[in-house]
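Enquirer: I'd like to ask some things about the structure below.
The values are calculated or read from the model by the stated rules, or taken from the named source; none is laboratory data. Please read these numbers as outputs of a predicted model, since none were measured by experiment. Counting neighbours? That spans all protein chains shown, and the Cβs are built from the backbone with ideal geometry, glycine included.
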Amino acid sequence: MAERVFTQVFGVVGAIIERDGKFLLVKEHHPGHSSHGKWSQPAGWIDVGEDPVAAVAREVKEETGLLFTPTHLLGLYSLVKRHERVLSAPMETRHALKLIFTGNVTGTPNTFSTDEIAETKWFSSEEVYAMDSTMLRDTDIKAEIRDYIAGTRYPLTLITHTVQEK
């Protein structure tokens with residue numbers, strides 16, 4: 001894994017995955033980190049040069065074992081975590097721009113990266129709304145689920161990925 005630097009805004013992709021009225025969350029497994037033991041949607045950093053649509057499919061596969069085909073962009077969420085300082089740069093604040101996708105999944109969530117994820121579990125929206133920052137890694141997941149339920153969807157054509165060689 002590449003070293004992560006928090007002196008700038010950084011890009012994250014994530015997925016809101018719903019099945020039969022329940023939403024799939026993953027329990028973070030990062031001993032010693034503030035996110036350890038907290039629930040999150042499948043999400044992660046966009047690698048340098050990586051297409052965000054491909055990045056979300058990769059992250060969902062790594063964290064859940066599911067094959068994810070993005071169909072829509074749910075939204076772009078800006079999350080600033082002033083309370084979460086970084087040991088290597090204690091004066092820096094984490095600020096993620098999160099591209100959150102919806103889509104189709106196949107398979108069952110059972111084969112995932114156990115070095116990052118402890119378990120997967122389906123939750124009702126009410127169960128997620130009842131969680132606070134001691135249970136949820138990012139509380140903006142509540143807004144993402146509300147937007148999903150409200151039917152918010154944007155076409156993937158909103159995202160343009162270009163690799164410029166020269």
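Enquirer: Quick one: in the stretch 21-35, of everything that is assigned to a loop (DSSP other than H, G, I, E, B) and in contact (Cβ under 8 Å) with a residue 12 or more places away in the chain, which residue is farthest from Glu59 (Cα to Cα)?
Expert: Looking at residues that are assigned to a loop (DSSP other than H, G, I, E, B) and in contact (Cβ under 8 Å) with a residue 12 or more places away in the chain, I get Gly21.
Enquirer: Further question: Under 9 Å by Cβ, and 6 or more places apart or on different chains, what pairs join a residue from the stretch 142-164 that is touching a residue at least 40 places away in the same chain (Cβ under 8 Å) and within 20 Å of Pro42 (Cα to Cα) with one that is among the small types (Gly, Ala, Ser) and not in a loop (DSSP other than H, G, I, E, B)?
Expert: Correct list of pairs: Ala143/Gly75; Glu144/Gly14; Glu144/Gly75; Ile145/Ser125; Asp147/Gly75; Tyr148/Ser125; Thr152/Gly75; Tyr154/Gly75.
Enquirer: Which numbered condition in (1) part of a loop (DSSP other than H, G, I, E, B); (2) within 19 Å of Gly14 (Cβ to Cβ) is the only one that Glu127 fails?
Expert: The number of the failed condition is (1).
Enquirer: Please specify each residue of the stretch 121-139 satisfying the condition of being charged (D, E, K, R) and surrounded by 15 or more Cβ atoms within 10 Å (Cβ to Cβ).
Expert: We begin by selecting, within the stretch 121-139, every residue charged (D, E, K, R); these are 121, 126-127, 132, 137-138.
Residues satisfying the conditions are Glu127, Arg137, Asp138.
Enquirer: Also, quick follow-up: For residues that are in contact with a Gly (Cβ under 9 Å, 6 or more places away or on another chain) and basic (Lys, Arg), tally how many sit in the stretch 27-60.
Expert: Matching residues across the stretch 27-60 total 2.
Enquirer: Of all the residues that make up the stretch 106-118, how many are surrounded by 13 or more Cβ atoms within 10 Å (Cβ to Cβ) and either at pLDDT 90 or above or in a strand (DSSP E or B) (or both)?
Expert: Final tally of qualifying residues: 2.
Enquirer: Additional query: Taking interchain pairs and intrachain pairs at least six residues apart, which have beta carbon atoms under 7 angstrom, with the first residue in the stretch 41-53 and at positive phi and touching a residue at least 12 places away in the same chain (Cβ under 8 Å) and the second of a type outside the set (Ser, Thr, Tyr) and surrounded by fewer than 18 Cβ atoms within 10 Å (Cβ to Cβ)?
Expert: Taking only residues 6 or more apart or on different chains, the pairs are Gly49/Val163.
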